[in-house]
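Q: My questions will all concern the structure given below.
The values are calculated or read from the model by the stated rules, or taken from the named source; none is laboratory data. Keep in mind it's a predicted model, so treat the numbers as computed, not measured. Because the Cβ atoms are built from the backbone with ideal geometry, glycine has one as well, and the counts that use them run over all protein chains shown.
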Amino acid sequence: MRNRIAGDHLKALDGARGIAALAVMLYHVSSAAGSGAWLSGAFLAVDFFFLLSGFVVARSYEARLRDGGMTLRSFVWTRVVRLYPLYIAASVIGLTYFSTKIVLGTPDAPTIRELAATFPGAITLLHQPNAISWGFVEFPFAPSAWSLSFEFWFTIIYAAIVPKLSTRALSGIAIIAFALLSQQANLVGSIDMGYDRRTLVGGVARFWFSFTLGVIIHRLGHLILQQRPLSLVLGVPAFAFVAIPHDAVGLGLAWISLVFPAALIVGAASECRGWTAPTLDHLGRLSYAIYILHAPIILFTFAIFKVALGDAWNSNPILLATSTIVAALVASAVATYLFDEPLRAYLRKRGSHRILVKVAKN
């Protein structure tokens, strides 16, 4: 029987990624609106993203990287094409927000020099601790980009080294990463790490544990599932992670090491038919835009409410949150369908053309 994990396009995982991105957005919107964090465990969605990334990247590129069908340079280009367009869009929104504060002369506005000093780090997707004083976080233009930094730089390390490693060696990496993650999480008091230099070690451990586990699941797919397609309903309980308390380290570790991998296997083995297939497909297509755009949009939307309503801007958190969510979803759809996907198609075509020209010359 055909291995279901090796199917052409994994709609269930696309949908799961979209739902996880929505959970992160709702978590940040509710916190910013002062109505409390509705989904206290939504930050664990990042671990799910890392797990999915390991599985999908290995599924898409590992064989070609191993046999020489894809060079490291080509892999880096594919990552740039995949990650940078929407990241740049989010950064432009964030940059416009802080530039507007400079123009208006608000008391908490950065100086032009401080703003300019962040450009090298923003372009290279590196932490910028000096920006915290005026930008709140170490990625001031696109706060969610801290995990994008791991996705970009560490997958390049993966492409250079991991495809040549045995599955046993990968298992060793996963075990070491999990031990370090457990130690750091207990030290900090939460798995929510990696967004600043203080928790950088824990964030690195988060990435390598879940990403490596995703690669291992891909490699063992032919052994894990050979039976009939599973029902998507089996993966639904995994989304209960959103209710996990922020400081529940033990439960969070169990979720990312047991529940998320099980949900990945179920999702990869499930067939989606009828109306569910396009719905899950669109959720997946919008997921990255929702994740990377929602934070700068929160900044802008809240600023508009402050200007329009004055001191009463935060008197109606439901209206504030609803407006922000609608703005983020509309912007994500426009950015995905009218900007990101057409631009990526163009860049992929240009990249393929250059490769073919070089091959012809040789």
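Q: Kindly evaluate GLY189 against the criterion of being surrounded by fewer than 20 Cβ atoms within 10 Å (Cβ to Cβ), more than 19 Å from the chain's Cα centre (by Cα), at positive phi and small (Gly, Ala, Ser).
A: When the stated conditions are applied, GLY189 passes them.
Quick grid of which residues meet (1) of a type in the set (Ser, Thr, Tyr); (2) not in a helix (DSSP H, G or I):
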| residue | (1), (2) |
| --- | --- |
| TRP38 | no, yes |
| VAL46 | no, no |
| GLY69 | no, yes |
| VAL80 | no, no |
| TYR84 | yes, no |
| ILE88 | no, no |
| THR96 | yes, no |
| LYS101 | no, no |
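Q: Something else now. If ALA269 meets every condition in (1) more than 30 Å from ASP108 (Cβ to Cβ); (2) at pLDDT 85 or above apart from one, which number is that one?
A: (2)
Q: Report yes if ALA142 is assigned to a helix (DSSP H, G or I), small (Gly, Ala, Ser) and buried (at least 18 other Cβ atoms within 10 Å of the Cβ), otherwise no.
A: Considered against the rule, which asks whether it is assigned to a helix (DSSP H, G or I), small (Gly, Ala, Ser) and buried (at least 18 other Cβ atoms within 10 Å of the Cβ), ALA142 comes out as no.
The rows are residues; the columns are (1) farther than 24 Å from ILE157 by Cβ; (2) modelled with pLDDT under 95.
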| position | (1), (2) |
| --- | --- |
| ASN3 | yes, yes |
| LYS11 | yes, yes |
| MET25 | yes, no |
| HIS28 | yes, yes |
| SER31 | yes, yes |
| GLY34 | yes, yes |
| GLY54 | no, no |
| TYR61 | no, no |
| LEU86 | no, no |
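Q: In this structure, is SER99 small (Gly, Ala, Ser), under 18 Å from ALA295 (Cα atoms) and surrounded by fewer than 16 Cβ atoms within 10 Å (Cβ to Cβ)?
A: Criteria met by SER99.
Q: Does region 152-180 hold any residues that are crowded, with 20+ Cβ neighbours inside 10 Å and either modelled with pLDDT under 95 or of a type outside the set (A, V, I, L, M, F, W, C) (or both), and which are they?
A: Result: THR155, TYR158, VAL162.
Q: If you scan region 233-276, which residues turn out to be closer than 24 Å to LEU26 by Cβ and of a type in the set (Asp, Glu)?
A: Listed by number, the list holds a single entry, ASP247.
Q: One residue is enough: does region 277-290 have a residue meeting the conditions touching a Lys or Arg at 6+ places or on another chain (Cβ under 8 Å), modelled with pLDDT under 90 and outside any helix (DSSP H, G or I)?
A: No, every residue in region 277-290 fails to be touching a Lys or Arg at 6+ places or on another chain (Cβ under 8 Å), modelled with pLDDT under 90 and outside any helix (DSSP H, G or I).
Q: Quick check: is even one residue across region 51-59 out of contact with any His (no Cβ under 7 Å at 6 or more places or on another chain) and free of Cβ contacts under 8 Å to residues at least 12 places away in the same chain?
A: no
Q: Which ones in region 317-349 are more than 12 Å from ARG82 (Cα to Cα), crowded, with 16+ Cβ neighbours inside 10 Å and not hydrophobic (A, V, I, L, M, F, W, C)?
A: Selection gives SER323, THR324, SER332.
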